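Bear in mind these aren't lab numbers, they're just calculated from the coordinates by the rules spelled out. None of the values given here were measured: they were computed from a predicted structure. Note that each Cβ is placed from the backbone with ideal geometry, even for glycine, and that neighbours are counted across all protein chains shown.
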Amino acid sequence: MKAWGERQTTLEDVAKAAGVSRATASRVITGTGPASPVTRDRVRAAVRQLDYQPNQVARALANRSGFRLVIAAVGTAPRVLDDPYMHRAVAAAAAAGAPYGVGASLQWLSRDSPRLDELAEDRSVRGVVLLNTTEATLAAVPSALHGRVVSIGIGSRTVPSFDVDNGGAATAILNHLYATGRRRIAMVTGPQWMPCAWRSVESYRRLARAAGLPVRLVAGDFSAERGHQATHALLRRWPDTDAVYAVNDATALGVLAALREDGRQVPGDIAVAGFDDIPFAALSSPALTTASHPVDQIIHAAATAVLNEASVPPTVVFPSTLVRRQST
């Protein structure tokens with residue numbers, strides 16, 4: 001016990017003596033997170049050596065920690081949070097956390113400088129679900145988050161991934177377009193910096209080349225506005241295009257709008273297909289052919305794995321199903 005007036009040992013002192021971060025020392029002392037046996041022994045030895053006495057108020061707060069899951073979305077700007085996909089992800093995470101008394105929040109991570117240290121240090125954070133994950137994001141995940149972070153998209157040795165088989169979805173959609181006689185198919189892609197968006201592009205390239213058909217790619221960004229712009233651009237470049245495959249349904253809705261403006265009939269002149277099967281896909285004119293994307297199931301499974309600190313396979317892939325409608 002420290003004498004009155006003598007400097008009290010702090011958590012920072014313990015962390016320094018043990019050679020670990022403050023967050024790691026806190027997790028070991030409070031028993032609220034993962035740490036290796038060696039690390040636990042070092043922290044406990046430092047506690048004994050320094051006669052560390054945790055502040056009881058802080059200890060009480062720590063025992064209430066982990067009351068939210070953070071949905072951390074990578075993007076070039078905060079406007080990525082406006083994407084309806086993000087809202088679905090938060091709702092699914094909140095539903096997964098409800099039985100545990102855990103809520104969900106949404107946060108932007110800069111694509112160029114993803115900072116995750118603050119989330120690792122924040123005692124209110126039970127875990128993190130990464131969206132739009134890049135290699136740089138995975139490299140920025142601190143060890144303090146290992147065991148309580150998952151990725152939707154690509155993963156790593158320490159960050160498991162959950163995702164939909166959008167490459168398989170692209171194959172099903174393109175084979176359907178080929179079966180209807182389409183041979184000059186253009187694709188409006190997703191952002192080039194997003195690794196998961198390129199699986200569908202790779203499927204498109206592979207199938208087009210195997211069939212001896214032209215590869216026609218126009219860059220998109222998952223938005224209807226960009227889908228609209230991209231369609232006018234591809235019609236100027238390839239006026240004989242007889243089908244457009246959009247990387248997602250929002251992009252496809254922009255494609256449909258641009259084709260109406262250009263006087264093209266769908267599917268008579270040009271067929272259109274998307275991906276996601278959002279509610280608006282069935283209500284568009286004509287109704288949009290697409291492929292399913294079980295966002296709720298994927299996020300729920302990922303969030304549940306974090307909440308349970310479960311051991312999961314490095315990659316969990318959910319299937320996608322072709323949904324045929326009038327646009328093709």
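Side notes on the structure shown:
- Separation in nanometres of the label points that stand 7 Å from Cα toward Cβ, at residue 210 and residue 310: 3.3 nm
- Net lengthening on full extension, residue 158/residue 225 (0.36 nm per residue, minus Cα-Cα): 20.4 nm
- Between residue 317 and residue 178, the contour length at 0.36 nm per residue exceeds the Cα-Cα span by 47.5 nm.
- In the chain, the DSSP beta bridges split such that about 5 percent are antiparallel, to the nearest 5.
- Dividing the helix sum by the residues of the chain, where each DSSP H run of 4 or more adds -39500 (n - 2.57), gives a mean residue ellipticity at 222 nm of -12000 deg cm²/dmol.
- Between helix 37-50 and the chain there is an angle of about 40 degrees, using the helix long axis and the longest principal axis of the Cα atoms.
- Ordering of 212-220, 159-167 by packing [mean C-beta count within 10 Å, highest first]: 159-167, 212-220
- Difference of contour (0.36 nm per residue) and Cα-Cα distance, residue 118 to residue 326: 70.0 nm
- Cα centroid separation - region 75-120 against region 134-173, whole Å: 14 Å
- Packing around the peptides 142-148, 90-96, taken as the average count of other Cβ atoms within 10 Å per residue, puts them in this order, highest first: 90-96, 142-148.
- Seen from residue 203, the other residues with C-beta closer than 14 Å to its C-beta sum to a net charge of +2, counting Lys and Arg as +1 and Asp and Glu as -1.
- From the coordinates shown, semi-axes √(5λ) of the Cα gyration tensor in Å corresponds to which of [x] 33, 24, 17; [y] 50, 17, 16; [z] 29, 23, 21: [y]
- Rounded to 10°, Cα long-axis angle of helix 224-237 versus longest principal axis of the chain: 40 degrees
- Most fluctuating residue given options 298, 29, 154, as computed from a GNM of the chain linking Cα atoms under 10 Å: 29
- With an a/c value under 1.5 for the gyration tensor axes a ≥ b ≥ c computed over the alpha-carbon atoms, region 166-291 is described as rounded.
- Net +/- balance of residues flanking residue 38 in space, Cβ distance below 15 Å, scoring K and R +1, D and E -1: +3
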